[in-house]
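The structure under discussion appears below in the form of structure tokens.
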Amino acid sequence: MAGEKSVETTGLLGWIDRRFPLTATYKAHLSEYYAPKNFNFWYFFGSLALLVLVLQIVTGIFLVMHYKPDAQFAFQSVEYIMREVPGGWFIRYMHSTGASMFFVVVYLHMVRALIYGSYRKPRELIWIFGVAIFLCLMAEAFFGYLLPWGQMSFWGAQVIVNLFSAIPFIGPELSIWIRGDYVVSDATLNRFFAFHVIAIPLVLIGLVAAHLVALHEVGSNNPDGIDIKAKKDKYGRPLDGIPFHPFYTVHDILGVAGFMIIFMAIVFFAPEMGGYFLEYNNFIPADPLKTPPHIAPVWYFTPFYSMLRATTDDFTWVLAGAAVVAALVMFFKCKGAAKLIVPVVLLVVAVLLRLIDAKFWGVVAMGGAVVLLFFLPWLDYSPVRSIRYRPGWHKWLYGIFFVNFIVLGYLGTQAPTDTFNLMSQIGTLIYLAFFLLMPVWSRLGTFKPVPDRVTFHAH
Amino acid sequence: MHTEPNLTNGMTMIKKLIGALALMMTCTVAGAAGGEFPLDKAPNRINDLASLQNGAKLFVNYCLNCHSASSMRYNKLKDIGLTDQQIKENLLFTGEKVGDLMNGSITAKDGKMWFGAAPPDLSVMARAKSINAGPSGTDYIYTYLRTYYRDTSKATGWDNLAFPSVGMPHVLWDRQGPRELTTTVVHQVEKDGKKSWERVTTVFDPMGYSTSKVEPLANFKGVASVDHKFKALDPAKSAAYDNDIADIANFMQWMAEPVQQKRKQIGVWVLLFLGIFFVVAWRLNASFWKHVK
């Protein structure tokens with residue numbers, strides 16, 4: 001027949017393949033998609049993140065069937081789910097535990113990308129889509145956290161939305177526009193519900209698809225940071241590659257089994273996780289007239305919350321000083337038009353740091369800490385991708401960075417004291433310096449020779 | 001343009017009101033109990049149906065007069081071994097049905113007028129009062145209901161160690177019997193620019209009249225401390241009361257999450273299944289990868 005595609009498959013599959021690239025897609029993304037064979041423990045977290053996303057969507061659908069996005073009934077409807085909806089408690093605990101475990105998995109996934117240089121050329125877009133997914137995830141978690149309408153829901157949202165009022169000129173009007181009211185209220189709850197159940201998840205799924213398409217276009221990185229496509233056999237298959245299916249499907253099933261043991265242990269035996277996954281204060285219904293003495297966001301936001309709180313008026317002096325020093329360095333280092341433009345911009349920033357309220361710069365520090373991640377592929381100048389072949393002291397830098405992030409997270413859960421505040425200021429500087437000075441330190445030191453083939457020990 | 005100040009004004013007004021109330025109620029010792037009050041560990045009776053039923057009986061008879069537990073239905077009590085008939089005969093007093101929610105009998109507005117704050121809903125109070133990585137809300141309830149003492153200077157005639165200047169009077173007082181409280185505070189004072197230590201011993205007698213004694217401590221080496229001691233004039237009654245409070249706290253822990261026992265029972269089977277699944281997945285993975293060189 002004219003115009004009909006000729007395919008190898010026959011029968012029903014052949015009928016479909018002539019109309020839809022089913023076999024071709026299956027081969028391209030699974031049975032003939034070659035992944036490096038030296039994946040280690042760190043490579044479980046991508047598929048686990050996908051698993052948690054599906055879990056959140058499925059449990060979320062069932063929760064929406066019973067939840068009432070109304071300031072009058074929201075709190076009660078969650079308890080109704082916990083008590084009267086058959087199996088409702090299980091669905092709700094999976095969803096609340098899933099939110100925290102999503103961040104656990106995604107943070108570990110990002111650590112993997114950092115230590116093996118998975119964001120380096122040609123994987124910049126995978127990384128950028130990934131950071132966008134992280135941002136969406138934060139928005140999704142923030143909007144979702146208002147829905148139980150407990151004290152922490154209410155005051156957490158109040159604090160975060162108030163941050164927007166720190167933006168010069170438009171801030172106060174902007175925060176009212178976001179809330180739809182002068183305080184967090186029923187109007188806020190309804191719009192957050194809309195964002196949480198439809199707007200953000202749609203964007204999230206689109207970004208995840210883009211993340212995977214980009215990944216399969218260039219292929220996975222690996223713990224050695226070697227390009228496996230450089231060495232191919234006579235059929236054009238990478239020598240160090242292995243078909244994703246069945247080898248990594250069975251491997252990921254093992255990862256899922258291990259993850260589910262931890263996940264279900266939390267769901268069934270410690271759903272509150274000591275007040276860190278479900279905050280105890282959130283078992284008190286939202287009360288706009290009673291401010292809790294200590295408002296802390298959920299643990300996954302606390303590193304960034306620490307940076308927000310660290311940015312006091314005193315601290316903007318330090319930041320302004322750093323900007324002046326950077327301006328001087330740039331003046332001597334840059335060439336051409338940049339020699340003038342970059343230092344002038346930095347000096348203007350230094351002046352603004354002292355002119356505009358510190359609260360605004362706190363918001364900038366918090367947002368900037370995430371936005372900075374987008375630029376990572378262009379900050380890293382190291383000649384090798386993987387940490388395995390970097391100088392020993394680079395490993396210490398990464399170690400300090402990760403420990404610092406955890407310390408910032410801890411500080412964010414605590415009530416502020418002078419010592420803690422100083423610690424989070426130092427922590428903020430370490431975080432910023434790690435990325436902003438990366439163009440300098442990442443090329444220093446003696447790098448080890450990178451092997452031609454991946455390091456692989458047969459099982 | 002901004003309505004926000006309205007809220008602020010409202011809040012300042014409430015703060016002022018509360019401040020005035022506090023001033024009205026404050027006595028000399030009120031400032032002594034600083035910081036978090038150390039909580040007693042509640043006995044774990046979550047598997048004890050008799051204790052849960054006794055707790056339910058006391059809860060419905062005493063607490064539910066002013067408080068509500070509006071996430072709870074009376075017939076949920078069947079989970080702790082009661083029958084519809086028992087619930088109907090012993091726990092429903094004002095014509096409710098067994099399928100009704102445990103709503104309180106006073107309105108929030110009345111409660112606010114009478115006690116300064118509306119009595120909160122108690123459905124999930126045992127969870128709400130827990131501290132991160134610290135004592136549970138059950139411990140708080142167990143301690144709170146056992147640290148009431150008479151104080152004539154308070155509006156209700158009662159005060160509480162775990163919840164200073166509490167609005168709620170000691171509803172269960174007749175079950176506890178008379179008690180005497182001795183508070184011992186060791187602290188540093190400054191007199192004429194000179195720092196010295198002293199011990200203040202305050203005794204609240206069973207009628208709530210307090211007497212204070214100040215002893216200067218010469219050459220004291222140590223840290224500031226606050227100590228409270230109750231003396232029950234009817235020890236047997238007081239011990240029975242402690243037992244009842246353990247049951248109430250136990251019931252409130254159960255009520256905060258009625259599914260908690262079932263959750264753990266199912267959890268054991270789920271983990272057992274996942275354990276087996278893990279072994280299968282592990283061997284499956286190994287059998288595929290053993291040929292990869």
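Coordinate-derived values only; no laboratory data. Treat the numbers as computed from the prediction; the structure is a model and nothing was measured. As a convention, Cβ positions derive from the backbone with ideal geometry for all residues, glycine included, and neighbour counts pool all protein chains shown.
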Take B:His187, B:His67 and order them by how many other Cβ atoms sit within 10 Å, fewest up front.
B:His187, B:His67
Mind giving me the FRET efficiency for A:Asp181 and A:Ala139? R0 is 22 Å, r the Cβ-Cβ distance, nearest 0.05 is fine.
0.65
For A:Glu173, B:Glu190, what ranking results if the residue with the fewest other Cβ atoms within 10 Å of its Cβ goes first?
B:Glu190, A:Glu173
Determine one quarter of the surface area of the Cα convex hull of segment A:215-278, which equals its mean projected area, and express it in nm² to one decimal.
6.8 nm²
Please count, across segment B:166-287, the pairs of lysine residues with Cα atoms under 24 Å apart that sit 8 or more places apart or on different chains.
11
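Counting each DSSP H run of 4 or more residues in chain B as -39500 (n - 2.57), what helix-only mean residue ellipticity at 222 nm follows after dividing by all residues, to the nearest 500 deg cm²/dmol?
-13000 deg cm²/dmol
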For segment A:301-408, give the magnitude of the charge dipole about the Cα centre (Cβ charges: +1 Lys/Arg, -1 Asp/Glu; no others), in debye to the nearest 20.
480 debye
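Please give me, ordered by residue number, the trypsin sites (Lys or Arg not before Pro) of segment A:365-459 that lie in loop per DSSP and have at most 16 other Cβ atoms within 10 Å.
Filter output for segment A:365-459: A:Arg443, A:Arg453.
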Segment B:127-281: D in µm²/s via Stokes-Einstein (Kirkwood Rh, Cα pairs, 4 °C, 1.567 mPa s)?
67 µm²/s
Per the rule of 0.36 nm per residue minus the C-alpha distance, extending A:Leu174 to A:Asn40 adds in nm 43.6 nm
Base-10 log of normalised Debye intensity for segment B:68-179 (one unit scatterer per alpha-carbon) at q = 0.19 Å⁻¹:
-1.19
Can you check what the net charge comes to around A:Trp89, using other residues whose Cβ is under 15 Å from the Cβ of A:Trp89 (Lys, Arg +1; Asp, Glu -1)?
+2
Förster radius 41 Å - calculated FRET efficiency between A:Ile16 and A:Val450 (Cβ-Cβ, nearest 0.05)
0.40
Determine, from the Cβ-Cβ distance of B:Ser287 and A:Thr25 and an R0 of 35 Å, the FRET efficiency 1/(1 + (r/R0)^6), rounded to the nearest 0.05.
0.80
If you bin the C-alpha pair distances of segment A:147-247 every 5 Å from 0, what whole percents do you get?
2, 10, 13, 13, 10, 8, 6, 6, 8, 8, 8, 5, 2, 0
Starting from the Kirkwood Rh over alpha-carbon pairs, what translational D in µm² s⁻¹ does segment A:375-432 have by Stokes-Einstein at 4 °C and 1.567 mPa s?
99 µm²/s
Shielding by partners - mean other protein chain Cβ count within 10 Å, residues of A:276-284:
5
So for the pair A:Val403, B:Leu272, with labels modelled 7 Å out along Cα→Cβ, what separation do we get in nm?
4.4 nm
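Stretch B:Lys194-B:Phe93 to full length: gain in nm at 0.36 nm per residue minus the Cα-Cα span?
30.0 nm
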Which shape class applies to segment A:29-77: rounded if a/c is under 1.5, otherwise prolate when a/b exceeds b/c and oblate if not, where a ≥ b ≥ c are the square roots of the Cα gyration tensor eigenvalues?
prolate
For chain A, what is the relative contact order in percent, using Cα pairs closer than 8 Å and at least 6 residues apart in sequence?
21 percent
Where in segment A:57-74 does the label zone of A:Ile205 land, with the point 7 angstrom along Cα→C-beta and an amide N cut-off under 12 Å?
A:57-58, A:61
What the Cα atoms of chain B span along the principal axes, largest first and in whole Å, is 87, 66, 64
Under 1.5 on a/c is rounded, so check that first for segment A:225-349, then, if it is not, pick prolate when a/b is larger than b/c and oblate when it is not; a ≥ b ≥ c are the square roots of the alpha carbon gyration tensor eigenvalues.
oblate
By count of other Cβ within 10 Å, fewest leading, how are B:Val200, A:Val450 ordered?
A:Val450, B:Val200
Expressed as a rounded percentage, what relative contact order does segment B:147-283 have, with Cα pairs under 8 Å and six or more residues apart?
21 percent
Env charge @ A:Phe456, Cβ radius under 15 Å, K,R +1 / D,E -1, value +3
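Mind running the shape call on chain A? Use the C-alpha gyration tensor, a ≥ b ≥ c as the square roots of the eigenvalues: rounded below 1.5 for a/c, prolate if a/b tops b/c, oblate otherwise. Could the numbers behind the result be given before it?
Numbers: a/c = 1.86, a/b = 1.13, b/c = 1.64.
Taking the square roots of the gyration eigenvalues as a ≥ b ≥ c, chain A is oblate.
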Which aspartates and glutamates have a Cα less than 16 Å from the Cα of A:Lys232, not counting those fewer than 8 places away in the same chain?
A:Glu32, A:Asp240, A:Asp452
Using only the alpha-carbon atoms of segment A:47-142 as identical scatterers, what base-10 log of I(q)/I(0) does the Debye formula give at q = 0.21 Å⁻¹?
-1.03
